[in-house]
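The values are calculated or read from the model by the stated rules, or taken from the named source; none is laboratory data. Every value quoted in this text rests on a predicted model; they were computed, and no experiment measured them. Here the Cβ positions follow ideal geometry from the backbone for every residue, glycine too, while neighbour counts run over all protein chains shown. Heavy atoms of the whole protein, side chains included, go into the accessibility calculation; ligands, DNA and RNA do not. Shrake-Rupley method; radii C 1.70, N 1.55, O 1.52, S 1.80 Å.
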Amino acid sequence: MNLRLIQRILRCEDGATAILTALLMTVFLWCGALAVDVASLFLDRRTAQGAVDLAAIAAARDIDNAENLARTVLQDNGIGRIQELRITPGNYRADTATAPEMRFTEGAEPYNAVKVTLRHQAPLYLAGALLGVESYAVGTEAIATATAQGAFSIGSRLARLENGLINAALNGLLGGNIQLTVMDYEALADANIKLFDFMDALATELDIETGTYDTVLQSQAKAGDVLDALANASQQSGHASASAALRTLGAQSNAWDANLPLGALVDLGPYGNLSINTPDPGFSPNLNVMQLVSAAAAIANGDSQVSLNLGAGIPGLAGVQVNLAIGEPPQGSAWFTAGEAGVAVRTAQTRLRLVAQLAPGAVLPGISARIPLYAEVAYAEARLDEVSCGAEPASDATATVSARPGIAELWLGEVSDSAFGDLSSRPQVRDADLVRLPLLRVEGRAHAAATNTQDTEMTFDLADVEDGTVKRTHTRDTFTTLFASLLGDLDLDISAGGLNLGISGQVAPALRSALASLTPALDGLVTGLLSALGVTLGEADVRMHGIRCDGAVLVG
């Protein structure tokens, strides 16, 4: 081939388009294959994300069965070739002050949310064939939370209205000259108000116009502020008689001189960060006005003593003097709380000293006796263990509370004023002077205890919430049992001045008999008085004020 022929061939452009087309078609085919597979992966990821979202919602509805529910949902939505699946329970707090990515804490209790993390192999088609790869790993995740909350209180029974005990108790706690009628107390006992109506009224009373409900609960308040807020909320709720009774109570008492730590009365839990006057908090339990008055009075009294002279209204008794010392509930606890599983409420420690003067002749002719009794109640507590929403939350929701009654101890003996008022230490109980005459002296001491310290589970349904049902750890005869045990443990020391008057041998059985006959009356007196204060010996009273189940929602 000569040089001219070679140059001619090199200058020839015939067929160049076909060559370029072949080269470009290869590139176009690669790009097309890649576009198809990228679109396929994108579609696969969206499908997987939807399935993971549904799986997280299903798991959050029933966290105890979260893994099975999540896997079932993924399977039903056609998600296969799962490489990794993690279902992680934790706690989610809807706090606007916290960055969204920090609101879910893995493994933190109480569980109210579930995080589902999926990694699976999505198939490749055209690009996979060209590259020799059959699939590509795709990862998705979702977080869902379910609102399952309860609102409950402890030690809040309706006050006993007979014999003026509630007037005497509130007089002692708040001071003043309280003379409400039985009709007034019945109006208070029959009135229920919404929790946040009360909180808004309390904010108005304290002149707090902006901020959150926690701002209100952290403010300085008097018992009078609470009474006025209750009166306003009761009036707005259509309870005019209760509102009038509260105004009278505020006017007759020294409530405006009594400091009241609001945090010991109400704990709003996750609702504390809501703004004041929030139109629809989404959860607004009912509060009984009489229970709130009793709790507020007891808390406002914190650590001081109440002295009540109940006179001689009981046959066989010449007089009864009662002293009460009621401490504040333990720090970090309140009478009422709202929140998720794990929140707790506690009553305050309570001491009672009662001196009953037996009428002359109740033991033996010409002989009167003095019976000093001392009782101590350690605080009782209740904890929200579980809120179950069921298949139909509007009808099936239940809440389970574990309650532990305070240990009740009862002595027949003497306790000094200083020891009685010092709630930080256990008092020394001395022998009691039961009978003291020139020629006859009877001393004695006895001790009994009710130590039912095991948790008792109580389950409330929506009907219990609606009816205001109060559930207790055990029966109401604890004090009678204590009295019976006390008398069985009674140790008497009789001194007749060295004279054989023929009566010393009769005193012990006569005194035991007199005490036994008066036990029911003393039992009713003491339990009635403590009931008026929302306190019981050896019992824990729990009321569920509301159950909230909103279903599960995605939060991440």
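Annotations for the structure displayed:
- Residues satisfying the stated conditions in region 406-423, i.e. open to solvent by 10 Å² or more (accessible area, probe 1.4 Å) and within 25 Å of the chain's Cα centre (by Cα): 407, 423
- Exactly one residue among 54, 69, 43, 85 is more than 26 Å from residue 341 (Cα to Cα) and at pLDDT 85 or above, and that residue is 85.
- Residues in region 517-556 that are among the small types (Gly, Ala, Ser), at pLDDT below 70 and surrounded by 24 or more Cβ atoms within 10 Å (Cβ to Cβ): 532, 534, 538.
- Scanning region 96-119 for residues that are touching a residue at least 60 places away in the same chain (Cβ under 8 Å), in contact with a helix residue (DSSP H, G or I) (Cβ under 8 Å, 6 or more places away or on another chain) and of a type in the set (A, V, I, L, M) returns 113, 116, 118.
- Test: residue in region 394-405 that is assigned to a strand (DSSP E or B), within 30 Å of residue 429 (Cα to Cα), in contact with an Asp or Glu (Cβ under 8 Å, 6 or more places away or on another chain) and open to solvent by 40 Å² or more (accessible area, probe 1.4 Å): yes
- All of 212, 204 fail the test of being under 19 Å from residue 280 (Cβ atoms), open to solvent by 30 Å² or more (accessible area, probe 1.4 Å), of a type in the set (S, T, N, Q) and free of Cβ contacts under 8 Å to residues at least 60 places away in the same chain, apart from 204.
- When residues of region 296-335 are limited to those that are among the aliphatic types (A, V, I, L, M), more than 30 Å from residue 195 (Cβ to Cβ) and part of a loop (DSSP other than H, G, I, E, B), the one modelled with the lowest pLDDT: 312
- Boolean, residue 384 is outside any strand (DSSP E or B) and surrounded by 16 or more Cβ atoms within 10 Å (Cβ to Cβ): no
- Selection count where residues are within 42 Å of the chain's Cα centre (by Cα) and not in a helix (DSSP H, G or I), scope region 37-78: 2
- Unique match (being without any contact (Cβ under 8 Å) to a residue 40 or more places away in the chain, of a type outside the set (D, E, K, R) and open to solvent by less than 10 Å² (accessible area, probe 1.4 Å)) among 231, 255: 231
- Subset of region 125-182 (residues that are of a type outside the set (Val, Ile, Thr), within 30 Å of residue 387 (Cβ to Cβ) and at pLDDT below 85): 146, 148, 155, 156, 157, 158, 159
- Only one of the listed residues (195, 180) is open to solvent by less than 60 Å² (accessible area, probe 1.4 Å), touching a helix residue (DSSP H, G or I) at 6+ places or on another chain (Cβ under 7 Å) and either over 17 Å from residue 238 (Cα atoms) or in contact (Cβ under 8 Å) with a residue 24 or more places away in the chain (or both). That residue is 180.
- Lone qualifier among 97, 70 - being over 20 Å from residue 387 (Cα atoms), small (Gly, Ala, Ser) and open to solvent by 40 Å² or more (accessible area, probe 1.4 Å): 97
- Any chance residue 426 is closer than 23 Å to residue 325 by Cβ, out of contact with any Cys (no Cβ under 7 Å at 6 or more places or on another chain), open to solvent by 80 Å² or more (accessible area, probe 1.4 Å) and modelled with pLDDT of 80 or more: yes
- Candidate set: region 100-120, residues that are hydrophobic (A, V, I, L, M, F, W, C) and surrounded by fewer than 16 Cβ atoms within 10 Å (Cβ to Cβ); chosen: the one nearest to the chain's Cα centre (by Cα): 108
- Odd one out for residue 350, checked against (1) buried (at least 20 other Cβ atoms within 10 Å of the Cβ); (2) of a type in the set (Ser, Thr, Tyr); (3) at pLDDT 85 or above: (3)
- Residue within region 448-471 that is more than 26 Å from residue 403 (Cβ to Cβ) and at pLDDT 85 or above present: no
- Pair list, Cβ < 8 Å and 6+ apart or interchain, from region 58-78 residues that are touching a residue at least 24 places away in the same chain (Cβ under 8 Å) and farther than 17 Å from residue 140 by Cα to residues that are open to solvent by 40 Å² or more (accessible area, probe 1.4 Å) and assigned to a helix (DSSP H, G or I): 61/69
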